[in-house]
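Taking it in order: structure first as structure tokens, then the write-up.
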Amino acid sequence: MEKNTFVRAWLVIVLAALWLLTYPSVHDRIPWLKEHLRGYNFYESLRSTQPKNKQRDAAKAKAKKPAAPVINPASEIQISAYDANDRYHGLTYLANFYEKLRQRKSQIRIAYYGDSSIEGDLICQTFRDSLQKRFGGKGVGYVGIDNPIPGFRQSVRLSFSNNWQRKTVIDKDPGRFPFGISGENFRALFPRLIVPKDTTGELAAIDTAPPPKPIPVHHWSEWGASKSFYGTRSFSSVRLFYGQSQGDSLAQTIRKVTSTYNGRSREILLDGREILNSITLADSMTTRVRADFKIPGSLPLYGVSLETPNGVIVDNFSLRGNSGRSLMRISQEQLSSFQSTLDYDLIILQYGLNVLNAKLQDYSWYTREMNPVIEHFHKAMPGVPILLIGPSDKSIKTGATMHSDPSVYRITEALRQSAMDKGCGFFSFYEAMGGEDSMVDWVERRRPKLANLDYTHFNSNGAKIAGNFLLTFLLGGHTEYELAYKQRPL
């Protein structure tokens with residue numbers, strides 16, 4: 001009897017050990033287990049984390065502090081460049097932006113560049129909405145002539161004809177037209193005239209019969225307000241931006257747009273000869289404007305701005321797959337022209353997700369890649385502060401469970417170094433989320449879920465929280481600046 005009890009006890013221990021060893025694999029294969037029970041990686045728990053800690057300590061030791069803090073020349077107000085944990089955030093380099101907020105400048109404009117993380121206005125729309133509620137302003141800001149996924153974005157209603165060609169700075173064949181501030185250009189497409197050939201390959205004789213009636217070609221775009229956010233329900237001004245015509249004479253080709261809003265229409269000539277031209281499509285409060293174009297395919301259009309003359313305007317410039325480097329394709333002359341027209345007060349650059357590679361140990365090359373991008377903007381838009389944002393956490397499968405891609409931390413440090421090198425502010429979504437394995441928590445344990453099952457992108461709930469993270473960071477610096485301003489020596 002005792003022998004049977006002993007055998008059964010050992011059998012239970014062996015079965016438990018087998019279950020312990022095989023559970024990670026079983027958990028990974030059964031959806032119900034993944035949804036309701038937590039997973040673990042038994043094998044990874046046996047590994048030491050010391051090498052990772054040593055690597056992070058080495059990265060921190062390698063980071064160089066800037067030689068001297070930047071002081072706002074207007075107010076001589078200086079704020080900190082490091083947080084309580086001695087991590088660089090560079091808020092001192094945003095002093096000019098904080099001064100504009102303090103002065104309540106008539107319009108305060110922010111350009112928010114990013115990759116798929118802010119596609120569809122995610123993160124940015126929450127950030128914009130909160131700033132407009134606090135500092136005023138209406139309108140979603142800059143919007144393209146068309147968009148490959150127009151229904152995804154909830155902050156503006158966009159519809160358009162299907163005969164536009166859109167080119168971006170990340171296209172392999174960018175075309176011959178210059179890019180606007182968003183890294184895009186748009187041109188009207190027309191049906192090709194096919195001329196028949198005879199059997200020898202030469203052009204066929206021209207038919208003496210009357211030519212057929214021309215195929216009607218109608219190019220249009222329409223932008224509407226959205227009820228999803230406080231500041232996007234209406235706008236009082238709509239400006240259209242376009243470039244120089246390429247290859248044909250202004251005197252020979254019709255270039256005009258018919259603007260329709262609030263039940264009235266007016267025809268406007270597009271006869272500008274500068275590299276950047278702008279016209280007003282609407283000049284009173286409205287919720288929708290339509291533009292019907294009669295233009296040649298040689299005239300580049302860049303986009304429109306739905307705005308008010310006062311308060312905060314945040315332009316979302318998202319391009320999926322962008323590492324940031326391709327922004328160099330927007331010429332400095334073009335950036336300077338847009339700056340003269342739109343007068344930006346802050347530039348935000350959020351990149352890094354598209355260069356993640358868990359096998360790479362050294363990302364100093366990414367610092368060297370982003371530094372020229374920052375210089376490019378500094379030269380074209382002097383005096384405009386830049387805030388560099390590191391990517392959110394991303395998880396990859398390690399054994400049977402999901403863990404943070406180690407390159408997220410490495411890229412965060414590479415971008416932090418770039419911000420320090422070039423005098424920019426720096427914010428890390430990876431750190432704001434909670435650091436290592438935070439994406440696993442946002443996907444698997446938060447209710448409602450805050451990120452998608454690709455363990456890379458926020459869903460709408462997570463993007464809202466992320467937008468508030470950024471807002472808290474930026475306004476924290478504003479509060480510090482306001483306090484320093486009050487305590488300044490008179």
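The values are calculated or read from the model by the stated rules, or taken from the named source; none is laboratory data. In this text, all values refer to a predicted model and were calculated from it rather than measured experimentally. Note that each Cβ is placed from the backbone with ideal geometry, even for glycine, and that neighbours are counted across all protein chains shown.
For VAL312, the conditions (1) surrounded by fewer than 24 Cβ atoms within 10 Å (Cβ to Cβ); (2) in contact (Cβ under 8 Å) with a residue 60 or more places away in the chain; (3) of a type outside the set (D, E, K, R) are fulfilled apart from (1). Filtering SER326, SER278, SER284, SER305 for residues that are more than 28 Å from the chain's Cα centre (by Cα) and either in contact (Cβ under 8 Å) with a residue 24 or more places away in the chain or outside any loop (DSSP other than H, G, I, E, B) (or both) leaves a single hit, SER284. Exactly one residue out of GLY399, GLY383, GLY352 is in the same structural domain as LYS422 (by TED's automatic domain parsing), touching a residue at least 60 places away in the same chain (Cβ under 8 Å), more than 21 Å from the chain's Cα centre (by Cα) and under 22 Å from PHE473 (Cα atoms), and it is GLY383.
Within this structure, THR401 passes the test of being crowded, with 19+ Cβ neighbours inside 10 Å, at pLDDT below 95 and more than 19 Å from ASP86 (Cα to Cα).
Every condition in (1) modelled with pLDDT under 95; (2) within 17 Å of the chain's Cα centre (by Cα) is met by LEU360 except one, and the failing one is (2). Here ARG368 meets the list (1) closer than 25 Å to ASP437 by Cα; (2) free of Cβ contacts under 8 Å to residues at least 12 places away in the same chain almost entirely, failing just condition (1).
Is one or more of the residues making up the range 369-385 of a type outside the set (S, T, N, Q), on the phi > 0 side of the Ramachandran plot and not in a helix (DSSP H, G or I)? Checked the range 369-385: at least one residue is of a type outside the set (S, T, N, Q), on the phi > 0 side of the Ramachandran plot and not in a helix (DSSP H, G or I).
Looking only at residues in the range 411-457 that are closer than 9 Å to ASP393 by Cα and touching a Lys or Arg at 6+ places or on another chain (Cβ under 7 Å), the one that is surrounded by the most Cβ atoms within 10 Å (Cβ to Cβ) is MET439. Does the range 205-215 contain at least one residue that is exposed (fewer than 15 other Cβ atoms within 10 Å of the Cβ) and either at pLDDT 95 or above or under 21 Å from the mean Cα position of the chain (by Cα) (or both)? No, the range 205-215 has no match at all.
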